[in-house]
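Data first, discussion second: the structure below is written as structure tokens.
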Amino acid sequence: MNWVRFFIYQFILFIALLLLNVYSDSYISKPFTRVDLIAICISTPIFVLIVVLIGKLYMRFKTKLRNKILLSITAFVLAIICIAIIENIWFELKGEMLFN
């Protein structure tokens, strides 16, 4: 049961991390402007919070490190697949790309 809970937590945190990266990336571009600075100031604390939560999650569950790493890799791959499926469904419904 601990493995399932760990996997679900990792999956949710990886989805949040990937979505934050996708949305903040569109505001941070090559000519550095005030909008880029604001986007960095907003997204950096959220990135740090998610990474700290992932670290605390590793310490909380008392399983072998190998199992944690394998579950984290699986959760990361599944999060990417789910985001891609959601993007395709969104594209079919709205006719516009969600993630460019």
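The values are calculated or read from the model by the stated rules, or taken from the named source; none is laboratory data. Note that the structure is a prediction, hence the values are computed from the model and not measured. Cβ placement follows ideal geometry from the backbone for every residue including glycine, while neighbour counts extend to all protein chains displayed. The area values use the complete protein model at the heavy-atom level, side chains included, leaving out ligands, DNA and RNA. Shrake-Rupley method; radii C 1.70, N 1.55, O 1.52, S 1.80 Å.
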**Prompt:** Can you find even one residue in segment 62-80 that is farther than 14 Å from PHE7 by Cα and under 13 Å from the mean Cα position of the chain (by Cα)?
**Reply:** yes
**Identity of the residue in segment 10-33, in a helix (DSSP H, G or I) and at pLDDT below 85, that ends up least open to solvent (accessible area, probe 1.4 Å)** = SER24
**Request:** Taking only segment 52-95 into account, find how many residues are assigned to a helix (DSSP H, G or I) and in contact (Cβ under 8 Å) with a residue 24 or more places away in the chain.
**Result:** 15
**Message:** One residue is enough: does segment 89-98 have a residue meeting the conditions surrounded by 14 or more Cβ atoms within 10 Å (Cβ to Cβ) and modelled with pLDDT of 80 or more?
**Reply:** no
